[in-house]
């Protein structure tokens with residue numbers, strides 16, 4: 001299907017979902033620091049694949065922000081803003097499997113919102129490391145960093161995603 | 001309004017002019033009486049109002065173009081309403097028009113949109129809301145499907161729709177999955193169209209005669225920027241707009257006979273009827289089951305067929321809702337006629353910005369006056 005930007009260059013891009021792009025987090029840990037980050041200022045990821053989301057907090061109002069804000073949304077000031085991070089697990093608020101998605105993405109893909117109760121933050125991200133049957137509302141999710149599941153020719157970018165934490169006592 | 005159909009073979013200006021001429025004919029007045037124009041459109045970037053008025057045949061008056069995503073049309077109406085209500089003009093024209101561009105992946109697909117760039121688009125967002133609502137209230141896919149069945153059936157009796165069909169729940173559930181749990185039939189189809197309304201003050205209404213419909217309320221809100229968790233099963237933006245509208249109209253939801261509600265997806269109709277305060281949270285499930293929201297029911301929703309039944313030309317939808325309300329309260333809705341319809345509510349909304357519930361929610365309440373003049 002012709003896309004707007006390619007039309008300008010006189011090319012036609014054929015979208016072929018690449019099954020080799022199925023996420024393999026263990027492979028990425030070796031090279032993730034070399035890939036382009038999806039957007040600056042949202043997260044930091046280390047060479048071993050671990051990392052955290054970058055948040056900040058207004059000490060006056062006791063509210064956290066993700067992404068980081070320049071002014072608090074309650075007192076409208078910046079003097080008590082302090083940088084913070086989230087690196088731990090959250091709970092799945094809701095999820096969905098997208099079959100007709102953005103043209104750049106391999107479909108189907110899974111998305112959801114994960115809640116961090118203590119910080120009062122709800123974060124949107126793609127979900128990974130499982131099939132849609134394995135997801136459940138309220139399930140514990142862990143933060144991972146992976147390649148965005150983009151089609152061939154769309155480049156390689158790293159973003160944050162969530163995957164279910166395996167439950168104790170289950171094989 | 002023009003008939004809403006996919007791939008309309010007209011220029012945007014011609015489409016808009018058709019709607020303008022139709023509105024003037026209904027009002028019984030000439031183009032030269034128009035003192036101000038407000039035009040709602042999303043995708044055409046510059047000067048669409050001026051181009052439509054040039055095509056229609058009269059310009060020189062103040063013309064303002066308005067973009068508020070899918071609520072552009074009702075926002076245009078709101079501006080016309082306030083311009084006349086505040087005595088700036090006697091007569092204003094509100095237009096809404098849209099021809100969908102070839103590939104509408106939604107404004108959320110942009111790289112600058114944090115969530116859109118990671119794969120959140122409209123059907124996906126509503127799928128997330130549906131999933132959570134199912135978790136909290138026990139909603140089933142068949143309930144969602146029934147809304148599609150209702151609205152396609154209402155559209156079947158609407159000559160302004162191209163998507164009217166008599167289908168059953170199975171048709172919906174067997175249509176291809178777009179974003180689980182939303183199937184193709186749970187989503188509004190693509191269509192183009194235009195609608196226009198002439199807004200006049202009381203003295204002009206008396207002079208013109210005919211069947212002018214009273215605007216009792218016009219409210220507009222944007223989503224609130226709050227700390228903490230946004231509840232995805234209750235629309236606070238819709239709720240606030242509704243409270244403001246009821247306050248202006250001097251009545252509560254119990255006095256509304258029927259409503260046109262922005263049903264871009266089946267789950268959207270559920271969330272919005274509850275956001276309007278027509279029933280309690282979770283209450284739509286029994287209303288779907290017992291037919292309360294059908295045309296023959298106690299609280300008919302989307303008698304025109306809504307967005308699911310007519311499609312959704314973004315700029316035009318808001319004013320098309322007003323068109324249906326006028327037809328209903330005048331007793332001119334044919335096979336879609338709601339018995340005793342007198343007070344109607346139009347709820348139109350649009351746009352998504354990460355961090356808030358939505359860009360704009362507009363609510364209008366209209367009423368048939370006691371006596372028609374002439």
- [ ] Work out the FRET efficiency for residue A:47 and residue B:248 from their Cβ-Cβ distance, taking R0 = 56 Å, and round it to the nearest 0.05.
- [x] 0.40
Task: Peptides ranked, highest mean first, by Cβ atoms within 10 Å: ranges B:37-49, A:137-149 - done: B:37-49, A:137-149
Task: Per residue convex hull volume, Cα atoms of region B:38-93, in Å³ - done: 73
Task: Gain in span if fully extended, residue A:133 to residue A:89, counting 0.36 nm per residue against the direct Cα distance - done: 13.8 nm
Task: Taking region B:11-75 and dividing mean pair separation by its residue count, relative contact order in percent (alpha carbons under 8 Å, at least six apart) - done: 39
Task: Equivalent ellipsoid dimensions for region B:21-123 as semi-axes, Å, which come from the Cα gyration tensor, largest first - done: 32, 14, 11
Task: Scattering profile of region B:237-319 at q = 0.16, 0.19, 0.21 Å⁻¹ [log10 I(q)/I(0), Debye over alpha-carbon scatterers] - done: -0.61, -0.87, -1.06
- [ ] Give the dimensionless ratio obtained when the Cα radius of gyration of region A:67-158 is divided by 2.2 N^0.38 Å.
- [x] 1.31
TODO: From other protein chains only, count the Cβ atoms within 10 Å of every residue's Cβ in A:100-107, then give the mean.
DONE: 6
TODO: For residue B:43 paired with residue B:112, estimate the spin-label separation in nm (one decimal), with each label point 7 Å from Cα along the Cα-to-Cβ line.
DONE: 2.0
Open item on the list: How shielded is B:122-128 by partner chains, expressed as the average number of their Cβ atoms within 10 Å of its Cβ atoms?
Closed with: 5
Task: In degrees, nearest ten, helix B:122-137 long axis to first principal axis of chain B (Cα) - done: 60
Task: Convex hull volume per residue in cubic angstrom - Cα atoms of region B:316-359 - done: 84
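Which FRET efficiency value, to the nearest 0.05, do you get for residue B:14 and residue A:140 by plugging their Cβ-Cβ distance into 1/(1 + (r/R0)^6) with R0 = 60 Å? Let's see the in-between values first.
On the way: r = 57 Å, r/R0 = 0.95.
Approximately 0.55, to the nearest 0.05.
How many Cβ atoms of partner chains, on average, are near each residue of A:116-125 if near means within 10 Å of its Cβ?
Working: counts 1, 1, 0, 1, 4, 3, 4, 1, 9, 4.
That average works out to 3.
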Open item on the list: Taking 37 °C and 0.692 mPa s as the conditions, I'd like the Stokes-Einstein D for the protein assembly as shown in µm²/s, using the Kirkwood hydrodynamic radius from alpha carbon pairs.
Closed with: 133
Open item on the list: Using only DSSP helix segments of four residues or longer, with each worth -39500 (n - 2.57), what per-residue ellipticity at 222 nm results for the protein assembly as shown after dividing by its residue count and rounding to 500?
Closed with: -8000 deg cm²/dmol
Open item on the list: For chain B, take the longest principal axis of its alpha carbons; what is the angle in degrees between that and the long axis of helix B:266-275, to the nearest 10 within 0 to 90?
Closed with: 70
Open item on the list: Compute for chain B: radius of gyration divided by Kirkwood radius, i.e. Rg/Rh, restricted to C-alpha atoms, rounded to two decimals.
Closed with: 0.95
- [ ] Report the normalised scattering of region B:154-310 as log10 I(q)/I(0) at q = 0.14 Å⁻¹, calculated by the Debye formula with identical scatterers on the alpha carbons.
- [x] -0.88
TODO: Average the reciprocal distances over every distinct pair of alpha-carbons in region A:43-84, invert the result, and give the Kirkwood radius in Å.
DONE: 10.9
Open item on the list: Taking 0.36 nm per residue of sequence separation and subtracting the Cα-Cα distance, how much length would be gained by fully extending the chain between residue A:60 and residue A:118, in nm to one decimal?
Closed with: 19.2 nm
Open item on the list: For region B:168-209, I need the span (max minus min coordinate) of the C-alpha atoms along each principal axis, in Å, sorted largest to smallest.
Closed with: 54, 20, 14
Task: Degrees between helix B:314-329 axis and first principal axis of chain B (Cα, 0 to 90, nearest 10) - done: 80
Open item on the list: At a threshold of 8 angstrom on Cα-Cα distance, excluding pairs fewer than six apart, so keeping six or more, what relative contact order does chain B reach in percent?
Closed with: 25
Open item on the list: P(r) for region B:100-243, please, calculated from all Cα pair distances in 10 Å bins and given in %.
Closed with: 9, 24, 34, 23, 9, 2
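Take the Cα pairs of region B:296-374, get the Kirkwood Rh, then feed it into Stokes-Einstein at 20 °C and 1.002 mPa s and tell me D in µm²/s. Mind showing how you got there, number by number?
Values: Rh = 13.9 Å.
Translational diffusion coefficient: 154 µm²/s.
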TODO: Report the semi-axes of the equivalent ellipsoid for region B:222-374 in whole Å, largest first, where each axis is √(5λ) for an eigenvalue λ of the Cα gyration tensor.
DONE: 26, 16, 15
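Where a number appears in this text, it was derived from the coordinates with a stated rule and is not lab data. Just so we're clear, the structure is a prediction, and the values are computed from it rather than from any experiment. Cβ coordinates were reconstructed from backbone atoms using ideal geometry, including for glycine residues, and neighbour counts include every protein chain displayed.
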